[in-house]
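Report on the structure given below.
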Amino acid sequence: MEDRRKGFLAVIFAGIIFGCMPLLAKNIYANGGNPPNLVFWRFFISVPILYLMLRSNDISIKLSKEELKKLLLVGSIGSAGTAVLLFLSYNYISTGVATTIHFMYPVFVILESIIFFHEKVDPMKIFCTVLCTIGILLLYGGGSDMSPMGIGLAFFSGITYSFYVMYLDKSGLKSMNSIKLTFYICLISSAVMFVFSVLTGNFTVKMNTMAWLLTSILSIIVSLGAVNLMNVGIRIIGPQNTAILGTFEPITSVIIGILIFGEQFSIKLFMGCILILISVILIAVFEGKRE
């Protein structure tokens, strides 16, 4: 039970850290950065730090051919692919609408568990997933910019992220040391994002000192913190619970928007947060009783 509690806390804290990204990102963009370039540097800056952590802890970086194939797949499609699809969707629809569609990924995780792995999903998890979905919709609401291309790109970003969550669990990669796993995911993702940034004309090193400082901070807390914690959570509590608890990310983003950016607070936002929190509490209580 103690390990599962650690898994729950790891995913919740990962969601909170991910939810803080807009606060840093907006300041980075204001000082010369752009979204694709930021994602590249976010992954790339953390690579040498993770490497030093592996060496200092005497953790081997050697991989078998099978492990390399799996990491290339999850790093390029699950990690970098999700970022690319989301950024492309922003060209057609608002970030709010795109985020709403992307955060349907807990539903995709449940469906993948049933369709591809023939797992019996607890009714409570299905109920909590529905609550989370309604909560996300209330947080971001709809929009008038309903481009089919943008909707499709955001939709597939949710699918690729659900693939990331499921594949780490089912491929056996979850048993790999979490620092080593994060190192290779960041290395592969940075390579993919570098190519994407160059091809789209977004690659730049022309950022001022403040932008570089904030980018470095974001890289450390996200790659070394959030990504690592998320991988730990997947290993301990599984992909379904991780997907549901990951909805702490949009709650954190909404709270930051209200407290720091002065965005409007409404009953709809409040109800969205409450529904997500209820689903998280139900999952925690349900899992505790099952243990």
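The values are calculated or read from the model by the stated rules, or taken from the named source; none is laboratory data. Computed from a predicted model, the values in this text were never measured in an experiment. Cβ sites come from the backbone with ideal geometry, for glycine too, and all protein chains shown count toward neighbours.
The set of residues from region 55-68 being touching a residue at least 12 places away in the same chain (Cβ under 8 Å), assigned to a helix (DSSP H, G or I) and surrounded by fewer than 17 Cβ atoms within 10 Å (Cβ to Cβ) is empty.
Residue selection: Phe194 satisfies the criterion of being surrounded by fewer than 21 Cβ atoms within 10 Å (Cβ to Cβ) and either at pLDDT 95 or above or over 14 Å from the mean Cα position of the chain (by Cα) (or both). Among residues of region 2-18 that are assigned to a helix (DSSP H, G or I), those with a beta-carbon under 7 Å from a residue that is acidic (Asp, Glu) at least six positions away or on a different chain give the pairs Arg4/Glu287; Arg4/Glu291; Gly15/Glu249; Phe18/Glu249.
Applying the selection to region 200-253, what residues are closer than 22 Å to Val107 by Cα and among the charged types (D, E, K, R)? Answer for region 200-253, where residues must be closer than 22 Å to Val107 by Cα and among the charged types (D, E, K, R): Arg235, Glu249. With respect to being out of contact with any Cys (no Cβ under 9 Å at 6 or more places or on another chain), of a type in the set (Val, Ile, Thr) and surrounded by fewer than 20 Cβ atoms within 10 Å (Cβ to Cβ), Val121 fits the description. One residue stands out among those in region 197-210 that are over 23 Å from Leu88 (Cβ atoms) and outside any loop (DSSP other than H, G, I, E, B): the one that is farthest from the chain's Cα centre (by Cα), which is Thr209.
You will find that of Leu71, Leu88, the residue that is crowded, with 19+ Cβ neighbours inside 10 Å and closer than 22 Å to Tyr167 by Cα is Leu71 and no other. The conditions of being within 16 Å of the chain's Cα centre (by Cα) and either among the aromatic types (Phe, Trp, Tyr) or in a loop (DSSP other than H, G, I, E, B) (or both) are not met by Tyr184. Counting the residues of region 74-118 that are closer than 16 Å to Ser197 by Cα, at pLDDT below 90, of a type in the set (Ser, Thr, Tyr) and in a helix (DSSP H, G or I) gives 1. Pairs meeting the criteria (first residue in region 128-149 and modelled with pLDDT of 85 or more and buried (at least 21 other Cβ atoms within 10 Å of the Cβ), second residue in a loop (DSSP other than H, G, I, E, B) and not aromatic (Phe, Trp, Tyr), beta carbons under 6 Å, at least 6 apart or on different chains) are Cys132/Thr247.
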